[in-house]
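Engineer: Have a look at the structure that comes next, please.
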Amino acid sequence: MRMSRPLSEAHAQPFWRRPVALLVLMAVAQPISFATWSALLNNFVIGAVGFDGHDIGWLHTVREIPGFLSFGVIFVLLFVREQVLAVASLCLLGISTALTAYFPSLGGILTITFFSSIGFHYYEAVNQSLQLQWLSRAEAPRVLGKLMAVGSAATLVSYGLIVLFWDALGLSYNIVFMTAGVVTTLLAVAAYFIYPQYEAPNPQRRELVLRRRYWLYYLLQFMAGARRQIFVVFAGFMLVERFGFDVHQVTSLFLITLVANMVTAPMIGRAVGRFGERRVLVFEYTGLVIVFALYGGIYAFGWGLLLASVLYVIDNLFFAMAMALKTYFQKIADPGDIAPTAAVAFTINHIAAVFLPAALGYLWLVSPGGVFFLATGMAAVSLLLALLVPRHPEPGHETVLSPLLARIKPAE
């Protein structure tokens, strides 16, 4: 990435060298490793390492520590450009994924997962910042939806290859982890050398930014992180532990969710643009209250495999609606706050992630259904917070309470 080019001149470049094309390439590279790791993780740690609910909780706690420390991105950006950090993080993710099967022990898995997580979370923090800087407010919902669909397509290919060849070729965990990690690393290297360094028009602050007027965004991020952990850690684990899903069965279910996401993500992007962030977030959290309550019912009433599978697919679809939280922040933020606030928001998003998986791992041993009923309450709190998002958010009107709070407290 030896050249530097103002973002305003990017439209003169061939499409394949524009910022959006780089976002597409990175949207392909990241899920190849992360999706493969996610698809194989539960079977690998249960079959090869002998994990139980307590162990899987600790694994995800360790995995989320770099997410909690995402504010460190700000200090790294004092020395490295955001675009360079994004591709370097992808390389770390790819290399760590490639080496995963070489550490079939609790300590080994925790260590390699920690390094993989640094790559994943630092990439996500910087990528979100680049998206919001490079996309205009008008085009952001539509393009974000398409980028999610692209990521789903890359994940679909990864899962599809696992389903087709896992049994047919007698693949091992090592071969699959290694292949996925190497592909991600090669794509990241290509992104470094092919694309110029784009200069956004608004210089980003290089210090931590915590603003009182972003309080609702911070709370929504905190609740989203807490709620996400329960799904990521325990929903897939339930399918393997309670219903005995094999690798190809878990991956097949992932394939169904991906096809659905490829179809719905662009539609959700258009819905955010048409109906606004408030309505989309309210719809998401209402649906999650129902989904998590039904998850709990699987243990309380002995409901079967079909319902669990359907809920898993629906739960994944709601994740696409998280783009409404991104565009909400884009509308209320000062242009120079995007990079530092993205890093801080990632830390806030992962506060619960540091302790919740391990703590709920103990609860899982006693009452798996209780874990999901707790998530139901979290979704309900998120729903109440979403009702505070204005129909047309903007600086000075970040929440429906902004006019009242302006009378009570001095302006920031």
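Engineer: 7 Å from Cα along Cα→Cβ at both W16 and I314: what's the point-to-point distance in nm?
Structural biologist: It works out to 4.4 nm between the two label points.
Engineer: Still on this structure, please answer the following. Could you tell me which of rounded, prolate or oblate describes the stretch 273-323, using a ≥ b ≥ c as the square roots of the eigenvalues of the alpha-carbon gyration tensor, with rounded for a/c under 1.5 and, failing that, prolate when a/b is larger than b/c and oblate otherwise?
Structural biologist: In terms of gyration-tensor shape, prolate.
Engineer: Sticking with this one: Under a Cβ-Cβ cut-off of 12 Å, what is the net charge of the residues other than V20 that fall near it, where Lys and Arg count +1 and Asp and Glu count -1?
Structural biologist: It works out to a net charge of +3.
Engineer: Another question, then. Mind grabbing the base-10 log of I(q)/I(0) for the stretch 281-357 at q = 0.14, 0.16, 0.23 Å⁻¹? Debye formula, identical points on the C-alpha positions, no solvent, two decimal places.
Structural biologist: Computed log10 I(q)/I(0) values: -0.65, -0.78, -1.10.
Engineer: Note the per residue figure in Å³ for the convex hull of the C-alpha positions in the stretch 255-412.
Structural biologist: In the stretch 255-412, the Cα convex hull volume per residue is 144 Å³.
Engineer: Residues of the stretch 289-412: accessible area per residue at 1.4 Å, in Å²?
Structural biologist: Each residue of the stretch 289-412 exposes 40 Å² on average to a 1.4 Å probe.
Engineer: Pick from P104, P266, P393: which is most flexible by mean-square fluctuation in a GNM of the chain where alpha carbon atoms under 10 Å apart are linked?
Structural biologist: P104
Engineer: Which value, in Å², gives the accessible area per residue of the stretch 144-191 when a 1.4 Å probe is used on the protein heavy atoms? Intermediate values should be presented prior to the final figure.
Structural biologist: Values: 2090 Å² over 48 residues.
Spelled out: the 1.4 Å probe surface of the stretch 144-191, per residue, equals 44 Å².
Engineer: Tally up the carbon and sulfur contribution to the accessible surface of the stretch 1-130 as a whole percent, 1.4 Å probe, everything protein left in place.
Structural biologist: Answer for the stretch 1-130 is 71 percent, counting heavy atoms of protein chains only.
Engineer: Ignoring ligands, DNA and RNA, what percent of the accessible area of the stretch 243-345 is carbon or sulfur (1.4 Å)?
Structural biologist: Numbers: 2630 of 3700 Å².
Of the solvent-accessible surface of the stretch 243-345, carbon and sulfur hold 71 percent.
Engineer: What does the convex hull of the Cα atoms of the stretch 235-301 come to per residue, in Å³, rounded to a whole number?
Structural biologist: 87
Engineer: Rounding to the nearest 20 debye, state how big the charge dipole of the chain is about its Cα centre with +1 on each Lys and Arg Cβ and -1 on each Asp and Glu Cβ. Don't skip to the answer; put the middle values down first.
Structural biologist: Numbers: 26 positive and 20 negative charges, 243 e Å.
Dipole of the chain, to the nearest 20 debye: 1160 debye.
Engineer: Which order do the peptides 34-42, 370-378 take when ranked by the mean count of other beta-carbon atoms within 10 Å per residue, highest first?
Structural biologist: The packing order, highest mean first, is 34-42, 370-378.
Engineer: Which one of L317, L85, L401 has the biggest mean-square fluctuation once the chain is modelled by GNM with Cα springs under 10 Å?
Structural biologist: Largest GNM mean-square fluctuation: L401.
Engineer: Under the classification rounded if a/c is under 1.5, otherwise prolate if a/b is larger than b/c and oblate if not, where does the chain fall, given a ≥ b ≥ c as square roots of the Cα gyration tensor eigenvalues?
Structural biologist: Oblate, because a/c is 1.5 or more while a/b does not exceed b/c.
Engineer: Still on this structure: By its C-alpha gyration tensor, with a ≥ b ≥ c as the square roots of the eigenvalues, how is the stretch 146-259 shaped: rounded for a/c under 1.5, else prolate for a/b larger than b/c, else oblate?
Structural biologist: In terms of gyration-tensor shape, oblate.
Engineer: Let me ask something additional. Restricting things to Cα coordinates, could you compute the convex hull volume per residue of the stretch 116-202 in Å³? Don't skip to the answer; put the middle values down first.
Structural biologist: Numbers: hull volume 10.1 nm³, N = 87.
Dividing the Cα hull volume of the stretch 116-202 by its residues yields 116 Å³.
Engineer: Let me ask you something else. Using the Cβ atoms and a cut-off under 13 Å, what net charge is assigned to the surroundings of R391, where Lys and Arg are +1 and Asp and Glu are -1?
Structural biologist: So the environment of R391 carries a net charge of +1.
Engineer: So if I restrict to the alpha-carbon atoms in the stretch 361-403, what is the Rg, and what is Dmax, the biggest pairwise distance, in Å?
Structural biologist: 16.5, 47
Engineer: Sum up the charges of everything whose Cβ sits under 11 Å from the Cβ of G269, counting Lys and Arg as +1 and Asp and Glu as -1, but leave G269 out.
Structural biologist: It works out to a net charge of +4.
The values are calculated or read from the model by the stated rules, or taken from the named source; none is laboratory data. It should be emphasised that the depicted structure is a prediction, and the values quoted were computed from it without experimental measurement. Every residue, glycine among them, receives a Cβ derived from its backbone with ideal geometry; neighbour counts consider all protein chains shown. Protein only, heavy atoms only, side chains kept; ligands, DNA and RNA dropped before computing areas. Shrake-Rupley method; radii C 1.70, N 1.55, O 1.52, S 1.80 Å.
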